[in-house]
Amino acid sequence: MGFIDIKISVSKNYKKAEDAGPLQILNQAKQFEVALKAMDHLFKDEADIGLDMIFQSSKALNDMSSDEKKNHIPAENMILELASGVIYFLEATLGFEPSKIAKAQEVMTKAENLALKAEKYNVENKVVSSEKYAIGLECKIAYIEACLLNALLMLFTESYMDSIKALYKLKKAHSGLSNLNKTIQSLKSSQYKLQKTQKTNKGNNELNLSRELSRDSFETCLESADECHAYEKTNKLDNSKEDTLRDDVANTCFENDINNFIPSDISTELFEKLVMKQRKSTLSSKDEHLIKLMAEVYEMRDSRLRGSHLGNNQPILRRNLGDHEIKSSLGSQQQEFVYLNTNGHTTPTIDEFIESGVSLCYGIIQLILSILPPAVTTVLNAIGFNINKLEGLQLLWDVVHERNIFSGLSLGGLVIYYHGPFKFIDNNFDIPILDEKVKSLIHPGFLLEDQILKATCVFPGSSLWILQEAMVLSSKGELKTALDVINKNSVEGIQMLQIKAQMVFCRALLYCFTFDFEKAAEDFLYLLEINEWSHSFYTYFAGCCYLEAYRLCEILDSNTMNPALKSVSSHVDILKKNYYKNKAHECLEKAPTYLHKKKFMSNNLPFDNFMLRKLKQFKSIQSVLKTASIDIVDAVATSPIMELIYLYDGFNRMNDTQLDLALNYFLKYENKASKLHLNSQENVKSFLTASLLKNMNKFNLAFEIIEEKLLPQIYDRKTGKFIKLKEDPWLYPSIFYELALINWNLNKMSDLDQTVKYLKHSLNYLGDYELSSRIGMRSQAALNRCQNK
């Protein structure tokens, strides 16, 4: 089945209700709700609960008798399989664990096959589950999603053939999603115009059969039942009482003004027939069963939108990130939850799945492809990938306002894009943007923070949103507040090891940025217990932290009365000075021994190669010192932790006091190794000094250091040619990046051409090197800003 020929259209006509299988349609919607609820548990670190929900529903379907299965269709098994695949996929990509990757691939392949069968069944049997979209489109979307996620998983394997297949799948998925998105956006535009027209012409008393024009829909009648509110408050009814309640709710609905109630999961044609039967008191037992199922599906969707299925009965919305000030305690005032659903009314489950799924998948593909180096994007454009970053951002913002798995993933992607350490969007280059729409996408202001606050409201205590909140606060320079956010709940209580590892790594970086090196080292070593990957680099990072803790003890010994050091003096115990040195020695010597155990696609990870080169430098300095008694700890010249902090965007997150400490104490520390004044060590020291001065707004001093000490070593101004150096290959492209940023701050728009020239030099200085993706993406993001792309 190809993607290029994918087409969707407005479903012109429903088949007669009796033939269309209304029970099948509702049962399908019910399982879609089960799947959406199960995936929600992922955001509360409860992947096991979600998987168990899926297992129980699948088991119930498989255990049905032949007669019972007549009202059930293959799409129900399809969506449950896809939901479990999404959970396994996220576990796999959060931790890069081979066992999780293999399991996710297995489930996704099964979901692909089930989606093909489900679409064929729905089309052949005219199972019309949407008044807006063509028959079987939800199955087609499920197929595309499964293919897309499977393709990404294939890229993580060591198989060359899998990588080729993955690129083919990505191309097909991109083409299919592009076609789907165009039609969905066109339909939304037409629907909006129709709503405006019909609102203008409103005034007759005829029955309004358009569900799209109803603001109330079936939820109004449910909210009018006192029993429903009682159920949502207690949430403790047994099954028999729950069944009775659903009957009462359905009856309450039809006892009210019927013109105001348009159920969202069945055709308006069928609803009209039920209305007429109700008026004539001729409802059959089958009709009553149908009404009961309608109420059940609505109730499931309603509890999902409100978050009550997660035990969130008294949600609290805070005012600001990082504080506990309450904006509103929503309690049982459920009408205040309108913000959780875009238009203030319930979108049909299947339509929600189609629209949110396409927006997320196509948006995230567009965004990912847009941040790749230009050499790659040029090739991708040549083979049919029409890449549009702004379209991708807009789609992600469209879906982030919903309340489902797609919304959560979209929000997570946006946080990483705007506030992650990779600088996908470089706000340091604040180029004026004239187009207001583009400006709102590049600078979303407090909108992203508001969405995180809402996410923490729906998923209170979720470590995933705590992580996102800390990331945003860190990006804003509020490092202490970010640490407080992470530490307010015990990391030990996080059930998903993958999220726990992300949280611990984030906390370790924050400790580094605030110079609490002992705690940072402990966190990096803790990662060896809870994560399968990067053991070598984590151990090296821990060694660098213990090294800096040892050096800090020496700095404090010689500066006991210096008030500037007061803020960091509590972070080390001077009596543990030798302990820090021994731990540093142990970690630095042990780090490379992990390399043969943990590789990615048959290769060392980029930072593993970075670590090997640094350790080789340290060993070389040991030999230069020509003293066997010199420990590797004493053979380290320029601070390796400051180097790592720069690479993880730490300088941009520090306040003036922290920047001053880094510059005047950690970089100016001297030992026998630093007194050798080796060129490689001096270059790194000069570069980090210039970067710190730049962040302290001392742009002229920073420019002088780079111009006098660094640039002549790597660039011949007369010939315009680069001089290739082998030591620290990440450093030289970074020099041009920093020059571009300094030049922008000094000259702004008057010398923008030179800023662009520096950024192009950064991108073109070297081909592939150990941190080329990290440095290249940062320079490309900055170039995009400068060229208003």
Problem set entry | Inter-label distance for Thr657 and Ile383, nm, one decimal - labels placed 7 Å from Cα along Cα-to-Cβ | 5.3 nm
Exercise. On full extension of the chain, what length is gained from Ser567 through Glu727, given 0.36 nm per residue of separation minus the C-alpha to C-alpha distance?
Worked result: 54.1 nm
Exercise. Listing Glu518, Glu469 from the residue with the fewest other Cβ atoms within 10 Å to the one with the most, what is the order?
Worked result: Glu518, Glu469
Exercise. Stretch Lys619-Lys672 to full length: gain in nm at 0.36 nm per residue minus the Cα-Cα span?
Worked result: 17.7 nm
For this session: Along Cα→Cβ, 7 Å out, is where each label goes; now give me the distance between the ones at Lys277 and Lys439 in nm to one decimal.
Result: 5.8 nm
Exercise. Say the cut-off is 29 Å between C-alpha atoms; which of Lys70/Lys165; Lys117/Lys165; Lys172/Lys726; Lys120/Lys169; Lys132/Lys286; Lys69/Lys182 go over it?
Worked result: Lys70/Lys165; Lys172/Lys726; Lys69/Lys182
Exercise. What FRET efficiency, computed as 1/(1 + (r/R0)^6) with R0 = 35 Å and r the Cβ-Cβ distance, is obtained for Gln787 and Leu155, rounded to the nearest 0.05?
Worked result: 0.75
For this session: Subtract the Cα-Cα distance of Lys760 and Lys626 from 0.36 nm times their separation in residues, and report this length gain in nm to one decimal.
Result: 44.0 nm
Seminar exercise, completed: Rounded to 0.05, the calculated FRET efficiency for the beta carbons of Tyr168 and Gln713 at R₀ = 41 Å is 0.40
For this session: Can you bin the stretch 457-607 into rounded, prolate or oblate? Criterion: square roots of the alpha carbon gyration tensor eigenvalues sorted a ≥ b ≥ c, rounded for a/c under 1.5, prolate for a/b above b/c, oblate for the rest.
Result: oblate
For this session: Work through the residues other than Lys577 whose Cβ is under 10 Å from its Cβ and net out their charges, Lys, Arg +1 and Asp, Glu -1.
Result: 0
Exercise. Can you put Ser189, Ser58, Ser762 in order, fewest other beta carbons within 10 Å first?
Worked result: Ser189, Ser58, Ser762
For this session: Please order Tyr546, Tyr133, Tyr121 by the number of other Cβ within 10 Å, starting at the fewest.
Result: Tyr121, Tyr133, Tyr546
For this session: Using a cut-off of 12 Å between beta-carbons, work out the net charge of the residues near Tyr648 (Lys and Arg +1, Asp and Glu -1, Tyr648 not included).
Result: +2
Problem set entry | Three-way shape label, the stretch 9-194, alpha-carbon gyration tensor, a/c 1.5 | oblate
Seminar exercise, completed: 1/(1 + (r/R0)^6) with r = Cβ-Cβ of Asn578 and Asp63, R0 = 60 Å, i.e. FRET efficiency to nearest 0.05, evaluates to 0.35
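Every number here is computed from the coordinates shown, using simple stated rules; none is lab data. This is a predicted model, so every value here is computed, not measured. Note: ideal-geometry Cβ built from the backbone for every residue, glycine included; neighbour counts use all protein chains shown.
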